[in-house]
1. For region 165-246, what size does the Cα cloud have along each of its three principal axes, sorted from largest down, in whole Å?
2. Spelling out what I want: for every residue of region 243-251, take phi, set θ = phi - 60°, compute 6.51 cos²θ - 1.76 cosθ + 1.60 (Karplus), and round to whole Hz; glycine and proline get x.
3. What full-extension length gain, to one decimal in nm, is calculated for Gln260 and His48 as 0.36 nm per residue of separation minus the Cα-Cα distance?
4. HN-Hα J couplings of region 103-117 from phi, Karplus 6.51/-1.76/1.60, θ = phi - 60°, integer Hz, Gly and Pro as x?
5. Just how many % of Cα pairs in region 6-69 lie over 19 Å apart, if you round to the nearest whole percent?
6. Give me D for the chain in µm² s⁻¹, whole number, from Stokes-Einstein with Rh from the Kirkwood sum over alpha-carbon pairs, 20 °C and 1.002 mPa s.
7. Mind listing the phi-derived Karplus ³J(HN,Hα) values for region 199-209, rounded to whole Hz, using 6.51, -1.76 and 1.60 with θ = phi - 60°, and x for any glycine or proline?
8. When a footprinting reagent is the concern and you count Cβ atoms within 10 Å, what order do Ser161, Ser218 take, fewest first?
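Here, each number is a calculation from the coordinates, and none is a lab measurement. Everything quoted here is computed from the prediction, not taken from an experiment. Every residue, glycine among them, receives a Cβ derived from its backbone with ideal geometry; neighbour counts consider all protein chains shown.
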Amino acid sequence: EGSFGKAILVQGEGDARLVCKMVDVSQASQREVADAVKEGKLLAAFKHPYVVRYRESFIESGWLCILMDFCEGGDLTKQIEMTKRRGQRIPEDQILKWLTQALLALKYIHDKHVLHRDLKSGNFFLSKSGNLKMGDFGIAKVLSCTAACAKTQIGTPYYLSPEVCQEKPYTWPSDIWAMGCILYELCALKVPFDAPNISSLVQKICRGPTPQIPSGYSDFLRQLCAEMLHRTPTSRPSAETILQRPQVQAIVKQLLEQAQAAQEGGSSSA
């Protein structure tokens, strides 16, 4: 069960396992349902190594069903919880690799004029070989096509940007803010803004001090996190800008070399 409905694991062709996300559209109009299916088909055209592949979407007995690839490694939330339980921390090189993969995925969808709208550690999944894949992108948009869901789907409160808390439009810098929250969470093993209720949380997000990532991580990560969590949307760097930084470029180069080596070796594990 999730904020959108429910998800079930299904058997695809051969050994492939797929996730079927099911959204209740029984109260939606025909036009809304048609728009949601159209949006789902648009997302199925996306292909990127760090994006969970959407296979198809269809309507079945009042449910909108969206089929997507299953990632065996679970999500980032589980990784964070596991690390915390063991009293460990995530090494910086691992954080940088995951952050780079996440930013490459985010740049890809932003270049296609799609906003994620619900970025959180639980929406990043790990493949069998430990690569990070962005999932559930655009589902908020699919849901906004159905009036019944539009009111409940505002994203996950901990990752909401100040402008969205103030009911201003959701734009690409709002996705960057959420990525900044995830970067902080990977370093500190907790979300940057937390409160017992939504009004206190909104107060903290909009006016509270911006927390710094723990010592032991580089000045580069600390500075980057602060930039991504800038309260002024236009002051946040884009995914493309961050990907140009030398520290991130070095990881991009490594990832390209690994992908080429895997291709030459005939390996298909993503």
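1. Largest first, region 165-246 extends 39, 30, 16 Å along its Cα principal axes.
2. Here the 3J(HN,Hα) series is 5, 7, 5, x, 4, 7, 4, 4, 6 Hz.
3. Details: separation 212, 0.36 × 212 = 76.32 nm, distance 1.48 nm.
Residue separation times 0.36 nm, minus the Cα-Cα distance, leaves 74.8 nm.
4. 5, 5, 5, 5, 4, 4, 6, 5, 4, 9, 6, 10, 9, 6, 6
5. Values: 666 of 2016 pairs.
Value for region 6-69 (Cα pairs over 19 Å): 33 percent.
6. Working: Rh = 19.4 Å.
Result for D is 110 µm²/s.
7. 5, 5, 5, 4, 4, 5, 4, 7, 10, x, x
8. Details: Ser161 25, Ser218 13.
The most exposed by this proxy come first: Ser218, Ser161.
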